[in-house]
Number of protein chains: 2
Amino acid sequence: MVGDLWATAPSAPGGASRRRVKTLRLDQGGGPFRLELGGQLACLDVAFQTYGTLSSKRDNAVLITHALAADAHVTGDADPGERPGWWKDVVGSGKPIDTQRFFVICPNILGSCHGTTGPSSIDPGTGVPYGPRFPRITVGDWATVHAALLDALGIDRLYAAAGGSIGGQQALELALRFPDRVARIVVLAAAARLSAQGLAFNACGRASIVGDPHFRGGDYYGHAPPTGGLSAARMMAHITYLSDESMRGTFGRRPREQRGGAGDAFGAEFAVEDYLADQGRRFALEFDANSYLAITRAMDYYDAAAWGDGDLVEACRRVGARVLLLSFDSDWLYPPKDCRELAIAFVRAGKEIQHANIPSPHGHDSFLLGSSAMNNFVRAFLDG
Amino acid sequence: MVGDLWATAPSAPGGASRRRVKTLRLDQGGGPFRLELGGQLACLDVAFQTYGTLSSKRDNAVLITHALAADAHVTGDADPGERPGWWKDVVGSGKPIDTQRFFVICPNILGSCHGTTGPSSIDPGTGVPYGPRFPRITVGDWATVHAALLDALGIDRLYAAAGGSIGGQQALELALRFPDRVARIVVLAAAARLSAQGLAFNACGRASIVGDPHFRGGDYYGHAPPTGGLSAARMMAHITYLSDESMRGTFGRRPREQRGGAGDAFGAEFAVEDYLADQGRRFALEFDANSYLAITRAMDYYDAAAWGDGDLVEACRRVGARVLLLSFDSDWLYPPKDCRELAIAFVRAGKEIQHANIPSPHGHDSFLLGSSAMNNFVRAFLDG
């Protein structure tokens, strides 16, 4: 199961901030890496970062599973020269997921574009990027790759796996697929499955990308990429990460600082547009459109109830881990009612679960921000 | 104020269904038509339909003001060969807005592409379509054009003006701008202004259009139009017209009927995607992208409080019309709380207003559907 291990030189944009990224080449018994929906990868590299020290008993490992667009750089506290990690207020020295106590591992997910094999990687069989030929992936594949990485690192059983959004679903799936390999899961701003409205938003984002003539059916590498479509997709998704309340408070109907003149009718005129356009622009420069398609598809497909042939309670019976499940009251991407449905299924399955719905104006992104309420729950759960 | 009046032969796609559309050329005292933000149009044609008979006292006219994508064809009941009008359950013979009793006028709005002058119209000064040179328009301009049309038709004062969404805002604006010209306004699924989240969704739709390389800065006439971007914009907007609840009920996570194979990873796989993609595709075939940009901008700009220098109560004092204001509890584009803010302003201004928040699972689109609760309110208000 183990490939060769090395520390990579900085290769991705971001330079110094990526220098702590390691990459492992994984395989399954020497053959190709087989995927849940029938595809396979001849070569699978996983980029990851680690923080803290693995105990001699190898019993203090915590896996952090990231959401759609993040990467292995979960926190930067161990190295002041780095850009801040995406979960720096939750993971780090003295933080709820304490790198003084835990050996924290954060891999970039399969299909992404931040070091782990994805559609922009070279297909060794053809010598060109996979592009639209990248096999379809699932949350189950992410869990399988995480387990293979743990094998490679010599970790049999995690102290915990933790993540938000589809990161939370990865933690859940790990506990469903490999019940013996994780003692605790922290599932934030997530549910057993995405709602129809969530599916719809993902479909719109993909339509925006594949409808961009620069998309070229996914074979745009070496050409101008579909940044217009990807940027618009990100802008829209970003709305679903915030809340009506937080947007009113932060932006309201305030004009942007330098309002465009009469010739600028298509440009941003309100502050909220300016903010979103900037988010979209920056995202489109650093993220791969085919990765966006692949990851949102995996997000669509996921339904934890599949482990119980459609019965979520039956599925939950598989889980051996203790479960912490937190929703946020203004989250409308994975709304509290859907999180609660999962919590109830765990209770009905007779499992040990802590569940709370945390008041927060910050919508789905609340899990990233690490409020004191959320952090207290996470800390107490990991201490207990 | 009056130009020449004639009945047009069918000129737009739709053939027979458009045959009752009339077109009027309007001007302001023989000169160009001047717009609120400083632009002007040398030539302004307004397409409209009428239903019923104007009374000898000219006191039974009801103006229907349409929302973003609709047209003059509000109902088809008078002619069984026509396609159904967009508000056929609310307007027609024996309907709450009864064409046996009222002379109903429905104009296509300025900037649209269904007969009234818009960006796809030929600029007489250049001989080519306006495209991105079409002047910026406002809800105030729509009200001014409506008033000019009433002048041309010899109608001094409306029995009522009625519309939903930005159609409701047009009715409101008519009562603010021309207090003597309307006796009653019916404002449905609307508010004094759009929220930050609403601005954000409009910005994303526009980003999707202008980010499509086929957009060519708005000068795409004679080339392949930006249908990919426009389709994606419509798909996204369509989500905001529905509700989480209705999407769960109608689609849930059901697969589309003929599920794509492994090679179809970018196509629709869930029923909700199929539905939205079809909506987007059809819309992109019949609507003009520049019109979409112009109309959503007008929607963004509108703030009824401008009539009170930012004080909505002060603005409402201008209104002479009786007001019916209905919101729908699952509408999250113009949410009930924003509609209620407008209702309270009318009350504080000492105006006669009826306001109700109607239970409905159908989101913003509820106003189009004409539930019995809504219809009863409208009927009683117009009878009273």
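For the reader, a short list of remarks on this structure follows.
- Qualifying residue in the range B:163-179 (condition: touching an Asp or Glu at 6+ places or on another chain (Cβ under 8 Å) and either over 17 Å from B:Tyr301 (Cα atoms) or not assigned by TED's automatic domain parsing to the domain that holds B:Ala42 (or both)): no
- Some residue of the range A:358-374 being within 25 Å of A:Gly310 (Cβ to Cβ) and modelled with pLDDT of 95 or more: no
- Unique match (being touching a strand residue (DSSP E or B) at 6+ places or on another chain (Cβ under 8 Å), at pLDDT 95 or above and more than 8 Å from chain B (Cβ to nearest Cβ)) among A:Arg193, A:Arg184: A:Arg184
- When B:Leu172, B:Leu149 are screened for being away from every other protein chain (no Cβ under 14 Å), touching a residue at least 60 places away in the same chain (Cβ under 8 Å), surrounded by fewer than 24 Cβ atoms within 10 Å (Cβ to Cβ) and not in a loop (DSSP other than H, G, I, E, B), only B:Leu149 passes.
- Among residues of the range A:91-125 being closer than 30 Å to A:Ala380 by Cα, in contact (Cβ under 8 Å) with a residue 24 or more places away in the chain and of a type in the set (S, T, N, Q), the one that is surrounded by the most Cβ atoms within 10 Å (Cβ to Cβ) is A:Asn108.
Conditions tested, residue by residue: (1) buried (at least 24 other Cβ atoms within 10 Å of the Cβ); (2) not in a loop (DSSP other than H, G, I, E, B).
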site	(1), (2)
B:Ala191	yes, no
B:Ala203	yes, yes
B:Ser208	yes, yes
B:His223	no, no
B:Arg248	no, yes
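- Condition met for A:Ala373 (touching a residue at least 60 places away in the same chain (Cβ under 8 Å), assigned by TED's automatic domain parsing to the domain that holds A:Arg136 and either buried (at least 19 other Cβ atoms within 10 Å of the Cβ) or among the small types (Gly, Ala, Ser) (or both)): no
- Residue match in the range B:124-140 (condition: at pLDDT 95 or above, touching a strand residue (DSSP E or B) at 6+ places or on another chain (Cβ under 8 Å) and in a strand (DSSP E or B)): yes
- Residue within the range B:54-61 that is closer than 26 Å to B:Leu194 by Cβ and at pLDDT 95 or above present: no
- Hey, B:Arg379 touching a residue at least 24 places away in the same chain (Cβ under 8 Å) and within 14 Å of chain A (Cβ to nearest Cβ) or not: no
- Highlighted here are the helices (runs of 4 or more DSSP H) found entirely within the range A:253-345 that include at least 3 residues which are more than 14 Å from every other protein chain (Cβ to nearest Cβ): A:312-316.
- Residues (out of contact with any Asp or Glu (no Cβ under 9 Å at 6 or more places or on another chain) and either facing another protein chain (nearest Cβ under 7 Å) or closer than 22 Å to A:Met247 by Cβ (or both)) located in the range B:215-233: B:Ser231, B:Ala233
- Filtered by the rule that a residue be under 19 Å from the mean Cα position of the chain (by Cα) and surrounded by fewer than 24 Cβ atoms within 10 Å (Cβ to Cβ), the range B:128-137 gives B:Pro135, B:Arg136.
- Subset tally (residues that are surrounded by fewer than 19 Cβ atoms within 10 Å (Cβ to Cβ), at pLDDT below 95 and under 19 Å from B:His66 (Cα atoms)) for the range B:21-53: 1
- Considering A:Asp141, A:Asp156, A:Asp180, A:Asp123, the condition of being touching a Cys at 6+ places or on another chain (Cβ under 9 Å) and on the phi < 0 side of the Ramachandran plot is satisfied by A:Asp123 alone.
- Residue count, the range A:332-344 (criterion: surrounded by 18 or more Cβ atoms within 10 Å (Cβ to Cβ) and either of a type in the set (Phe, Trp, Tyr) or in contact with a strand residue (DSSP E or B) (Cβ under 9 Å, 6 or more places away or on another chain) (or both)): 8
- Residue in the range A:257-269 that is at pLDDT 95 or above and crowded, with 17+ Cβ neighbours inside 10 Å present: no
The values are calculated or read from the model by the stated rules, or taken from the named source; none is laboratory data. Note that this is a predicted model, so its numbers are computed, not measured. Every residue, glycine among them, receives a Cβ derived from its backbone with ideal geometry; neighbour counts consider all protein chains shown.
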